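Here the structure comes first, spelled out in structure tokens, and everything after it is commentary.
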């Protein structure tokens, strides 16, 4: 458990501070809705101040979505904490992924609680040639990277369980229960 808390204790403040500082910079520097190029990575990642009152990728849920997103975010955070507690101490991929998702969720939750404008986004939109990637922020990057790593962790666990089943002969036997960390 100490290892899990150490990883969370390093990633959480780093991501939260980076998220809050960059959002404050965006609020102080950028003009709402105006695309600024050449500031970050040349013309590849424009900077555009936007407020996202919806879900991921700006998906809208009514006129006052805070009543929906704040409880959902708290529920999701609770689930991530349970998964972190249950993660094996040597499952670095899962521990890091959950720390990233928790940190990013807290960063965006902070915006939803502090005002009704929504989550501050400022990176993008990015023209991928076939799709314009929506405007996002540091917390969104942490959540996205964490979600991908979490999927990889679950996939690795499933492959390992399949090998154990195959080695036991029948392939139909019960999988061993993972020990709690």
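The values are calculated or read from the model by the stated rules, or taken from the named source; none is laboratory data. Just so you know, these numbers come straight off a predicted model, no measurement behind them. All Cβ positions, even for glycine, are placed from backbone atoms using ideal geometry, and neighbour counts span all protein chains on display.
So, in region 40-63, of the ones that are closer than 21 Å to residue 28 by Cα and within 18 Å of the chain's Cα centre (by Cα), which residue ends up modelled with the highest pLDDT?
Out of the qualifying residues, it is 51.
From the list 174, 99, which residue is farther than 29 Å from residue 36 by Cα, at pLDDT 90 or above and outside any strand (DSSP E or B)?
It is 99.
Would you be able to say whether some residue in region 72-87 is assigned to a loop (DSSP other than H, G, I, E, B), at pLDDT 90 or above, touching a helix residue (DSSP H, G or I) at 6+ places or on another chain (Cβ under 7 Å) and more than 15 Å from residue 118 (Cα to Cα)?
Yes, region 72-87 contains at least one residue that is assigned to a loop (DSSP other than H, G, I, E, B), at pLDDT 90 or above, touching a helix residue (DSSP H, G or I) at 6+ places or on another chain (Cβ under 7 Å) and more than 15 Å from residue 118 (Cα to Cα).
Identify the residue in region 1-39 that is surrounded by fewer than 14 Cβ atoms within 10 Å (Cβ to Cβ) and in a loop (DSSP other than H, G, I, E, B) and, among all such residues, is modelled with the lowest pLDDT.
Among residues in region 1-39 that are surrounded by fewer than 14 Cβ atoms within 10 Å (Cβ to Cβ) and in a loop (DSSP other than H, G, I, E, B), the one modelled with the lowest pLDDT is 39.
Count, please, the residues in region 1-31 that happen to be more than 19 Å from the chain's Cα centre (by Cα) and closer than 16 Å to residue 111 by Cα.
The qualifying residues number 5.
Within region 102-130, can you find the residues that are surrounded by fewer than 18 Cβ atoms within 10 Å (Cβ to Cβ) and in a loop (DSSP other than H, G, I, E, B)?
The answer is 115, 116, 117, 125, 128, 129, 130.
Exactly one of (1) over 25 Å from residue 29 (Cβ atoms); (2) surrounded by 23 or more Cβ atoms within 10 Å (Cβ to Cβ); (3) modelled with pLDDT under 95 is unmet by residue 135. Its number?
Every condition holds for residue 135 apart from (1).
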